[in-house]
Amino acid sequence: MADFLVSDFLDLLYEDLRKDFMSPLQVGKERWESYKAGRLSEIRQLLRIDLLENKYEEALDYTLLESHKEDRITIEKYKVERIKKLSLCVYVLRPDTGNGKALLYLNGHDPRGAKGVFGAEGRVKADGNSEKALSMEMASMGYLVLVPELFGFGEAKRKDAPEGTDACASCSMLAPRLLNSGMNLVGIRVFEAMKTLDFAEKAFAIHSFGAYGISGGGQVCNYAGVLDDRIEAVMIAGYPNLYKYSILAMDHCICNYVPGQLEAGESHEITSLAAPKKLLTINGRKDPIFPLQGSVEAFQLLEGVYEMLGVPERYSHVLFDGGHENSVPDVCGWLRDNY
């Protein structure tokens with residue numbers, strides 16, 4: 001019966017796409033910007049960003065829906081109109097004393113959606129003490145933190161989704177409709193992230209940003225961080241890896257897959273297009289779904305690209321003693337030193 005297994009063909013598809021792909025390390029400093037421009041154009045087409053902008057973007061409007069205060073941080077909920085028939089929910093964490101900078105926070109498959117990002121309970125550490133949620137820690141440092149409710153997460157599900165539908169089940173309900181229309185989940189989410197920056201520019205007169213994404217939000221950040229020039233500092237957590245070791249090696253949520261994605265490069269090669277922006281990639285050594293070997297290989301390539309461009313100080317990577325989770329001290333420490 002083994003004669004009819006299909007795994008060898010799947011491996012051949014991967015190998016065929018990889019053997020003709022030019023590694024970023026082969027480009028050289030002189031050709032980097034032209035190489036990068038070509039790759040970014042391919043990615044915009046892959047995610048259908050141009051179509052979304054040309055056909056579905058509308059005049060910006062926004063309404064403040066809720067506001068409450070926790071400690072010295074005001075948490076606001078906005079309804080943002082920027083995409084036809086798709087109202088975007090954006091939470092804003094406003095510190096009493098700001099530093100004039102803003103961070104875009106992109107969460108993954110948290111069962112609470114965007115609200116899970118700033119949940120008052122934070123994270124319980126191994127010693128039993130609670131740790132403040134990363135987004136709240138960022139706001140405590142003076143950053144204005146923007147948390148969009150990404151397509152399919154939290155409140156942004158289909159109207160016929162049963163109560164309690166988890167994020168991956170929601171993605172499975174949405175992906176077929178999008179794929180059948182020539183679109184994909186990550187493309188919509190990247191577009192939403194970019195439109196969140198449009199909102200922040202108008203509402204708060206801020207025109208440059210840092211961006212942090214973890215897990216599924218790391219995938220969104222991996223693309224938005226290279227596509228949007230307003231993002232000056234990119235932080236990707238619980239995601240930096242190779243497809244080979246992660247989403248092609250084990251079952252992952254359907255939202256990780258985009259038709260033709262591998263033609264635009266392996267995951268870490270897409271990340272490299274952030275250069276020469278400031279970049280942090282961070283993973284837990286015990287992350288079971290974005291394994292250590294893939295993270296190490298990704299970090300090595302990224303280090304090489306930044307060295308090739310003569311700006312090695314702009315790239316940092318961290319492997320912390322943990323799993324698929326935030327590392328609040330490492331991220332906040334990097335922010336203090338770099339943004």
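The values are calculated or read from the model by the stated rules, or taken from the named source; none is laboratory data. It should be emphasised that the depicted structure is a prediction, and the values quoted were computed from it without experimental measurement. Glycine gets a Cβ as well: all are built from the backbone with ideal geometry, and neighbour counts include every protein chain shown. For the accessible areas, the whole protein counts, side chains as well, though only heavy atoms, and no ligand, DNA or RNA atoms are used. Shrake-Rupley method; radii C 1.70, N 1.55, O 1.52, S 1.80 Å.
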### Query
List pairs: first in the stretch 164-178 and touching a residue at least 60 places away in the same chain (Cβ under 8 Å) and closer than 14 Å to Arg189 by Cα, second open to solvent by 40 Å² or more (accessible area, probe 1.4 Å) and assigned to a helix (DSSP H, G or I), Cβ under 8 Å, 6+ apart or cross-chain?
Cys171/Ile254; Ala175/Ile254
### Message
I'm checking my understanding of the structure. Among residues of the stretch 179-188 that are part of a helix (DSSP H, G or I) and not β-branched (Val, Ile, Thr), which one is most open to solvent (accessible area, probe 1.4 Å)?
### Response
Asn180
## Note on the structure
In the set Tyr91, Tyr78, the lone residue that is under 13 Å from Leu146 (Cβ atoms), open to solvent by less than 50 Å² (accessible area, probe 1.4 Å), of a type in the set (Phe, Trp, Tyr) and in contact with a Ser or Thr (Cβ under 7 Å, 6 or more places away or on another chain) is Tyr78
### Message
Could you go through the stretch 205-220 and let me know if any residue there is in contact (Cβ under 8 Å) with a residue 40 or more places away in the chain, among the aromatic types (Phe, Trp, Tyr) and farther than 18 Å from Leu60 by Cβ.
### Response
yes
### Message
Tell me the residue from Lys125, Lys115, Lys101 that is among the basic types (Lys, Arg) and modelled with pLDDT of 95 or more, please.
### Response
Lys101
### Candidates Leu88, Leu93, Leu64, Leu13, filtered to the one that is hydrophobic (A, V, I, L, M, F, W, C), part of a strand (DSSP E or B) and over 24 Å from Ile236 (Cα atoms)
Leu64
## Note on the structure
How many residues of the stretch 274-306 are small (Gly, Ala, Ser), farther than 19 Å from Leu227 by Cα and touching a strand residue (DSSP E or B) at 6+ places or on another chain (Cβ under 8 Å)? The answer is 3
### Query
Do you know which residues across the stretch 152-172 are out of contact with any Cys (no Cβ under 7 Å at 6 or more places or on another chain), open to solvent by less than 50 Å² (accessible area, probe 1.4 Å) and over 30 Å from Asn99 (Cβ atoms)?
Ala161, Thr165, Ala167, Ala169, Ser170
### Task
Say whether the condition of being among the aliphatic types (A, V, I, L, M) and either free of Cβ contacts under 8 Å to residues at least 24 places away in the same chain or open to solvent by 40 Å² or more (accessible area, probe 1.4 Å) (or both) is met by at least one residue in the stretch 252-270.
yes
### Query
Any residue in the stretch 9-28 that is open to solvent by less than 50 Å² (accessible area, probe 1.4 Å), of a type outside the set (A, V, I, L, M) and within 30 Å of Lys84 (Cβ to Cβ)?
no
### Summary
Just one listed residue, out of Asp287, Asp228, is charged (D, E, K, R) and farther than 18 Å from Val318 by Cα, and it is Asp228
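Conditions (1) out of contact with any Phe, Trp or Tyr (no Cβ under 9 Å at 6 or more places or on another chain); (2) in contact (Cβ under 8 Å) with a residue 60 or more places away in the chain; (3) surrounded by fewer than 17 Cβ atoms within 10 Å (Cβ to Cβ), marked per residue:
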| residue | (1), (2), (3) |
| --- | --- |
| Ser272 | no, yes, no |
| Pro276 | no, no, yes |
| Gly284 | no, no, no |
| His317 | no, yes, no |
| Val331 | no, yes, no |
### Summary
Flagged in the stretch 288-306 as out of contact with any Lys or Arg (no Cβ under 9 Å at 6 or more places or on another chain), farther than 27 Å from Arg31 by Cβ and open to solvent by less than 20 Å² (accessible area, probe 1.4 Å), in numbering order, are Phe290
### Residue ID - least open to solvent (accessible area, probe 1.4 Å), chosen from residues in the stretch 128-151 that are part of a helix (DSSP H, G or I) and either under 17 Å from Cys89 (Cβ atoms) or among the acidic types (Asp, Glu) (or both)
Ser135
